[in-house]
Amino acid sequence: MSNLFRLPYLQKYADRHGRERVYFRHGSYRVRLPDDVKEIGFLTAYDAARAGDPAMARHGRAERTARPVHVYVAGDGNRVKIGVAANPERRMRELRTAAPLVSLIHAREFSNRAGAVATERALHSRFSDRRVAGEWFAIDPAEVIASLNAA
């Protein structure tokens, strides 16, 4: 392991929980690398960071950067939330701590995060006149679902 830390721009430190973290750092450019330096993908991630590809560097494998993401529509009876999540069901569990009646109404899968975020922003812009707060809107869920499916 000590030989790996002779690689240029490699930095390690212990986070506040005592776990060792590894970063590629060059000037102000900093990318977290896989924590296990013995992992096969570590050197691939390091090479990607040197080449300037932070998404590939973070995961060490290209297939992990292309995981599906969902634009979801959730409601609590009076309001509708339009958001992005890799796992909408888990996101609903998280939302229920603040809004106990929230439930998943619809989710559309996208092959990459960029497409999902662009669609979410377009829906937020389209319904901005009916925004209640943040990502919550006073709107009929069927109207949002029709717009989401048409996008």
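Only the coordinates and a few stated rules stand behind these numbers; no lab work does. All values derive from a computational prediction rather than experimental measurement. All Cβ positions, even for glycine, are placed from backbone atoms using ideal geometry, and neighbour counts span all protein chains on display.
Values as computed for the structure displayed
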quantity	calculated
Estimated 222 nm signal from helices in the chain, with DSSP H stretches of n ≥ 4 weighted -39500 (n - 2.57), rounded to 500	-10000 deg cm²/dmol
Rounded to the nearest 20 debye, dipole of segment 69-150 from Cβ charges on Lys, Arg, Asp, Glu	180
The chain - charge dipole about Cα centre, Lys and Arg +1 at Cβ, Asp and Glu -1, debye rounded to 20	480
Per-peptide average of other Cβ atoms within 10 Å, ordering 122-132, 30-40 highest first	30-40, 122-132
Amide H contacts of Leu10 (H built 1.01 Å from N, under 5 Å, at least 5 apart or other chain)	Arg25
For q = 0.14 Å⁻¹, Debye-computed log10 I/I(0) when each Cα of the chain counts as one equal scatterer	-0.79
Ordering of 16-27, 101-112, 80-91 by packing [mean C-beta count within 10 Å, highest first]	80-91, 101-112, 16-27
